[in-house]
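Following: one structure in structure tokens, then a few remarks.
The values are calculated or read from the model by the stated rules, or taken from the named source; none is laboratory data. Since the structure is predicted, the reported quantities are computational estimates derived from the model, not experimental observations. Backbone-built Cβ (ideal geometry, glycine too); neighbour counts: all protein chains shown.
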Amino acid sequence: MNTSLGNSARLFGAGLRALLVLTLVCGVIYPLAVTGVAQGLMPGHANGSKISSHGKVVGSALIGQRYDLPLKKGQETPDPDLRWFQPRPSNGLGTNSVNTQYSLILSGATNRSGDNKELIDWVTAAKAAVVKDNSVPGHPVSPSQVPADAVTSSGSGLDPDISPAYADLQVNRVAARNHLDAAQVARLVDQHTDGRILGFVGEPRVNVLQLNIALKQLAHEAGTR
């Protein structure tokens with residue numbers, strides 16, 4: 001009986017020591033080491049790829065934002081603020097309906113097949129809106145010019161980037177709304193176009209938040225001349 005109790009005590013002690021050691025290593029030392037390395041080598045990425053403007057954090061380079069006008073009375077969906085470059089649609093986003101204590105946005109894809117009528121209606125309406133919104137005097141937009149990312153959401157609904165083709169499509173409208181020269185705005189797009197990662201991964205892309213920050217600065221400079 002004493003032997004059995006002794007063995008149990010030894011096993012309990014060994015398990016407790018293992019728990020304490022693993023808690024220290026995995027719960028304290030390892031996280032601190034990873035955090036230290038990340039902060040030392042890539043602090044921007046480690047802190048969420050935050051983007052600042054005039055000393056204030058305005059968003060993350062990894063999360064898309066909407067640029068909309070305030071809701072009008074009776075509206076459920078706000079109109080886009082056409083002074084700014086617009087991101088991809090965000091049809092995959094939903095709202096938190098479980099814990100209503102917090103106002104949360106839920107990210108996700110629409111999960112509809114290519115022949116789904118609701119998806120087809122979304123894309124058709126989105127294409128018509130892109131054509132209408134971006135057609136300015138002397139620079140009409142045809143449906144064939146509208147790229148896929150202008151009318152479809154990403155898998156998360158939070159894609160921060162658009163294609164250079166979609167950014168270029170918006171140049172004349174953005175220039176007209178901000179009383180800027182279209183060539184200046186086009187150069188702005190070129191300056192904020194990132195190529196493929198390592199030269200072959202992914203596609204060229206334009207971060208909408210960074211582009212709009214630069215646009216705001218350009219419009220401010222033009223207005224003070």
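If I ask for residues that are β-branched (Val, Ile, Thr) and either closer than 17 Å to GLN86 by Cα or not assigned by TED's automatic domain parsing to the domain that holds ASP81 (or both), which ones from the range 192-223 would you list? THR193, VAL206, VAL208, ILE213 - these are the residues of the range 192-223 that are β-branched (Val, Ile, Thr) and either closer than 17 Å to GLN86 by Cα or not assigned by TED's automatic domain parsing to the domain that holds ASP81 (or both). Of the residues in the range 148-160, not one is in the same structural domain as THR124 (by TED's automatic domain parsing), among the hydrophobic types (A, V, I, L, M, F, W, C), out of contact with any Cys (no Cβ under 6 Å at 6 or more places or on another chain) and farther than 23 Å from SER107 by Cβ. The residues listed here are ASN111, ASN91, ASN96, ASN134; of these, the one that is in the same structural domain as LEU209 (by TED's automatic domain parsing), under 22 Å from LEU169 (Cα atoms) and at pLDDT below 80 is ASN91. When each of LYS127, LYS117 is tested for being of a type in the set (Lys, Arg) and at pLDDT below 95, the lone residue that passes is LYS117. Within the range 15-72, the set of residues being surrounded by 10 or more Cβ atoms within 10 Å (Cβ to Cβ) and charged (D, E, K, R) comprises ARG17, LYS50, ARG66, ASP68. Look at (1) farther than 14 Å from GLN86 by Cβ; (2) touching a helix residue (DSSP H, G or I) at 6+ places or on another chain (Cβ under 9 Å) and you find that VAL189 fails only one, number (1). Only one entry of LEU158, LEU188 meets the criterion of being in a loop (DSSP other than H, G, I, E, B) and buried (at least 19 other Cβ atoms within 10 Å of the Cβ), and that entry is LEU158.
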